[in-house]
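J.: Let me begin by handing over the structure; questions about it come next.
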Amino acid sequence: AQKITQTQPGMFVQEKEAVTLDCTYDTSDPSYGLFWYKQPSSGEMIFLIYQGSYDQQNATEGRYSLNFQKARKSANLVISASQLGDSAMYFCAMRVGETSGSRLTFGEGTQLTVNP
Amino acid sequence: DVKVTQSSRYLVKRTGEKVFLECVQDMDHENMFWYRQDPGLGLRLIYFSYDVKMKEKGDIPEGYSVSREKKERFSLILESASTNQTSMYLCASSETGVAKNIQYFGAGTRLSVL
């Protein structure tokens, strides 16, 4: 069975500082994809970044980067230069297998608060 | 841009009512999903569909059914609403045949069953 674990229910960071949100995963399938989504208080889930299990380099998208450590089965999200608008719930998710349309398994989420 | 539209942001229903949650996507995506979100539990998959008239059970299908008569529309049906179905419901869609297979979400429907 696939499982995603986010051990930080809440995190606080000062504006302009970097923050790391933890995510560990469990799967025996060699082919998988890892996703991070942001959910502001408005409710909509916004895709942030993706890492494939065979990708050689860590994914980056602007201020977001994914610290992918395959041996440790971790896929932590790093947000650099935090902004007040980064305050939101963040979800890590995993897709297992290569079948397009495969379902995602989500973690419990981390509530990030950016303080001015 | 991909747009996934859920028909209602907020709904209040009575126990025992039949409830329809509608979701429409405008990107010709083959795949559509219904999740419910509860605090501390993340998102849990209720049902998904890979094609018109096809449906597959997710992790928590009990008490729900779905309908996909047209490619762009995926409906979630609560046959007889109960208070434990009070939750946030999120619809998503994705296309087939791409490596990332990103799911795009609607804004969600907050359902209260009284």
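The values are calculated or read from the model by the stated rules, or taken from the named source; none is laboratory data. What you are looking at is a predicted structure, and each value in this text was computed from that prediction instead of being measured. Glycine also receives a Cβ, built like all others from the backbone with ideal geometry; neighbour counts cover every protein chain displayed. Remember, those area values only see protein heavy atoms, side chains included, never the ligands or the DNA or RNA. Shrake-Rupley method; radii C 1.70, N 1.55, O 1.52, S 1.80 Å.
J.: In the neighborhood of residue B:96, defined by Cβ-to-Cβ distances under 10 Å, what is the net charge if each Lys or Arg adds +1 and each Asp or Glu adds -1?
T.: Neighbourhood net charge equals -3.
J.: Same structure, new question: Under the definition of partner shielding as Cβ atoms of other protein chains within 10 Å of a residue Cβ, what is the mean value for peptide B:41-54?
T.: 3
J.: So with the 1.4 Å probe, I'd like the accessible area per residue for chain A, rounded to whole Å².
T.: I get 46 Å² per residue for this part.
J.: So, how do all the Cα-to-Cα distances of the range B:73-114 break down into 5 Å bins, in percent, from 0 on up?
T.: Once binned at 5 Å, the Cα pair distances of the range B:73-114 give 5, 19, 22, 18, 15, 10, 7, 4, 0.
J.: Could you grab the relative contact order for chain B? Cα pairs under 8 Å, six or more apart, rounded to a whole percent. All intermediate terms of the calculation are to be shown ahead of the outcome.
T.: Values: 300 pairs, mean separation 40.8, N = 114.
Taking the mean separation of contacting Cα pairs over the length of chain B, I get 36 percent.
J.: Got a sec? Which residues of the range A:42-59 lose 10 Å² or more of accessible surface with every protein chain in place, vs. that chain alone, 1.4 Å probe?
T.: At a threshold of 10 Å² (probe 1.4 Å), the residues of the range A:42-59 that become less exposed are A:42, A:43, A:44, A:45, A:47, A:50.
J.: Just counting partner chain Cβ atoms within 10 Å, what average do the residues of peptide B:55-68 show around their Cβ?
T.: For this peptide, the per-residue mean of nearby foreign Cβ atoms is 0.
J.: Rounded, prolate or oblate: which one fits chain A, using the alpha carbon gyration tensor with axes a ≥ b ≥ c (rounded when a/c is under 1.5, else prolate when a/b beats b/c, else oblate)?
T.: Note, shape of chain A comes out prolate.
J.: Amide H to amide H, which residues 5 or more places from residue B:8 or on other chains are under 5 Å from it, using H placed in the peptide plane?
T.: B:22
J.: Can I ask one more? Considering the convex hull of the alpha carbon atoms of the range A:53-116, report its projected area averaged over all viewing directions, in nm², one decimal. List each step's numbers first, then the result.
T.: Details: hull surface 22.1 nm².
For the range A:53-116, averaging the hull's shadow over all directions gives 5.5 nm².
J.: What's the buried accessible area, both sides, between B and A using a 1.4 Å probe, rounded to 100 Å²?
T.: On the way: alone 6440 and 6360 Å², together 10930 Å².
Chains B and A together bury approximately 1900 Å².
J.: Sticking with this one: Which entries of B:18/B:100; A:70/B:3; A:3/B:18; A:3/A:38; A:38/B:13; B:13/B:55 have Cα-Cα distances beyond 31 Å here?
T.: Pairs exceeding the cut-off: B:18/B:100; A:70/B:3; A:3/B:18.
J.: Stokes-Einstein D for the range B:1-46 at 10 °C, 1.306 mPa s, Kirkwood Rh over Cα pairs, in µm²/s?
T.: In µm²/s, the coefficient rounds to 123.
J.: Tell me the carbon and sulfur percent of the accessible area for chain A, rounded to whole percent, probe radius 1.4 Å.
T.: Heavy-atom surface of chain A belonging to carbon and sulfur, 1.4 Å probe: 48 percent.
J.: Also: Principal axis extents for chain B, Cα atoms only, whole Å, descending order, please.
T.: 41, 29, 24
J.: Mind telling me which of B:72, B:22, B:56 comes out most flexible in a GNM of chain B, alpha-carbon contacts under 10 Å?
T.: B:56
J.: Related question: Per residue, what accessible area does chain B have, given a 1.4 Å probe and all protein chains present, in Å²? Mind showing how you got there, number by number?
T.: On the way: 5540 Å² over 114 residues.
Roughly 49 Å² per residue, with all protein chains present.
J.: Can I ask one more? Given just the C-alpha atoms of the protein assembly as shown, how large is their convex hull per residue in cubic angstrom?
T.: 121 Å³
J.: At a 1.4 Å probe radius, carbon and sulfur cover how many percent of the accessible area of chain B? Don't skip to the answer; put the middle values down first.
T.: On the way: 2760 of 5540 Å².
The C+S portion of the solvent-accessible surface of chain B is 50 percent.
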